[in-house]
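Inspection log for the structure reproduced underneath, given as structure tokens.
The values are calculated or read from the model by the stated rules, or taken from the named source; none is laboratory data. Quantities reported herein were computed from a predicted structural model and do not represent experimental measurements. No Cβ is skipped: glycine too gets one built from the backbone with ideal geometry, and neighbour counts run over all protein chains shown.
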Amino acid sequence: MMATTHAFAGLAVVAPVAYAVPELAVPLAVGALCGGIAPDLDVAFVHRRTLHFPVYGVVPAALAVAVAVVAPGPLTAGLAAFAVAAWLHAASDVLGGSPELDPWTDPSDRAVYDHRHGRWLRPRRWIGYDGSPGDATLAVVLAVPGFVLFDGPIAAVVAVGVAVSLGYALVRRRLVDWVPDWVE
């Protein structure tokens, strides 16, 4: 899935809390958006292994939520949102396709690495590949809570994210032809 889809998923998860505790809405949104994107920073290393923790990620997420419940504040709320969104990102990558540049030609059986069991989890391919029409649709649907609940800069970030998602989805399959061979 696209990084924006993951970011919007994180935002959708924290939206009920932001609605209930509006004074924490901005730190929750910033934490969720950043946490939803953060695991994909491993694209420069071993993508979906280096910063993706689909099993172990639940531990820091649960601890961060517990701390935020016991000591609510902007910092604890933002860190909890970050940890939950990062874990959700890693865990949900199994629902998509494999991480190759062109997974529609020769997809691998590697979705995301499970550090606990020392093996790659198989992709379910409910979302065929990042930037697929299904991924773009999911991104738009997950962005709705961001449009409804947040305003100002957060709503602007969501709007830009939706535009980027749709633009990327329009050119995704052609990107393979535009990328130099050394990138693969």
For this session: State whether one or more residues within region 139-153 are farther than 23 Å from ALA20 by Cα, modelled with pLDDT of 90 or more, outside any loop (DSSP other than H, G, I, E, B) and hydrophobic (A, V, I, L, M, F, W, C).
Result: yes
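Table: residues versus (1) in contact with a His (Cβ under 7 Å, 6 or more places away or on another chain); (2) in a helix (DSSP H, G or I); (3) of a type in the set (Gly, Ala, Ser).
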{"position": "LEU33", "(1), (2), (3)": "no, yes, no"}
{"position": "ALA62", "(1), (2), (3)": "no, yes, yes"}
{"position": "ALA81", "(1), (2), (3)": "no, yes, yes"}
{"position": "LEU88", "(1), (2), (3)": "no, yes, no"}
{"position": "ASP106", "(1), (2), (3)": "no, no, no"}
{"position": "ASP130", "(1), (2), (3)": "no, no, no"}
For this session: Six or more apart or on different chains, Cβ under 6 Å: which pairs go from a residue in region 34-59 that's in contact (Cβ under 8 Å) with a residue 24 or more places away in the chain to one that's buried (at least 21 other Cβ atoms within 10 Å of the Cβ) and outside any helix (DSSP H, G or I)? Could you list them?
Result: PRO39/HIS52; HIS47/PRO99; ARG48/PRO99; ARG48/VAL112; ARG49/TYR113; HIS52/VAL112; PRO54/VAL112
Seminar exercise, completed: Within region 98-130, restricting to residues that are modelled with pLDDT of 90 or more, among the aromatic types (Phe, Trp, Tyr) and touching a helix residue (DSSP H, G or I) at 6+ places or on another chain (Cβ under 8 Å), the one that is surrounded by the most Cβ atoms within 10 Å (Cβ to Cβ) is TYR129
For this session: Can you give me the number of residues within region 35-60 that are buried (at least 20 other Cβ atoms within 10 Å of the Cβ) and in a loop (DSSP other than H, G, I, E, B)?
Result: 5
